[in-house]
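Remarks on the structure that follows.
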Amino acid sequence: MPARLQGAAAMRALAHPTRIALIEALRLHSTLTATEASSLIGESPTNCAFHLRALARFGFVEEVGAGPGRRRPWRALDVRWRSPTSRTTNSRRPQPGRCRMC
């Protein structure tokens with residue numbers, strides 16, 4: 001089951017251009033190390049490793065497993081977006097053709 005984005009701290013974790021770029025790169029390449037990602041997005045490997053660990057704390061990425069030597073591949077996880085105002089039941093959803101205020 002995919003993780004759900006909840007809380008201001010998790011949303012702030014995504015509010016950084018490097019982290020967004022890392023997630024996009026991982027979506028395109030399935031797994032990447034910090035060094036591989038750094039060459040794709042134009043950041044240093046150290047900076048990429050820092051941001052990958054920050055994304056992992058909130059469940060946006062995970063380590064795939066230890067590679068040979070110091071190689072640490074990462075992959076993006078499937079995260080569903082949900083706001084506190086999301087409606088989950090059909091009875092509370094607006095009917096087609098009716099405004100929400102009616």
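What follows draws every value from the coordinates through simple rules; no lab data is involved. Predicted model, so just to flag it, every value in this text is computed and none were measured. With ideal geometry, Cβ positions are generated from the backbone for all residues, glycine too; neighbour counts draw on all protein chains shown.
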Quiz prompt | Amide H contacts of Trp74 (H built 1.01 Å from N, under 5 Å, at least 5 apart or other chain) | solution = Leu32, Thr33, Val64
Self-check item: From phi via Karplus (6.51, -1.76, 1.60), per-residue ³J(HN,Hα) for the stretch 14-19 in Hz, x at Gly/Pro
Solution: 8, 7, 9, x, 5, 5
Quiz item: Karplus couplings for the stretch 43-49 from phi (6.51 cos²θ - 1.76 cosθ + 1.60, θ = phi - 60°), rounded to Hz, Gly and Pro as x?
Solution: 10, 6, x, 5, 5, 5, 4
Exercise. Using amide H atoms built 1.01 Å from N in the peptide plane, name the residues 5+ places from Val61, or on other chains, whose amide H lies under 5 Å from its own.
Key: Ala56, Leu77
Practice problem: With only alpha-carbon atoms counted, please give the Rg and Dmax of the stretch 3-79, in Å. | Solution: 11.6, 37
Exercise. Going by C-beta contacts inside 10 Å, put Val79, Val64 in order with the fewest on the left.
Key: Val64, Val79
Exercise. Please tell me the relative contact order of the stretch 3-79 in percent, rounded to the nearest whole number, where contacts are Cα pairs under 8 Å and at least six residues apart.
Key: 34
Exercise. Starting with the fewest neighbours, write out Leu55, Leu40 ranked by other beta-carbon atoms found within 10 Å of each beta-carbon.
Key: Leu40, Leu55
Practice problem: For the stretch 52-61, take each phi angle, set θ = phi - 60°, evaluate the Karplus expression 6.51 cos²θ - 1.76 cosθ + 1.60, and give the result in whole Hz per residue in order, putting x for glycine and proline. | Solution: 5, 5, 5, 5, 5, 4, 9, x, 8, 9
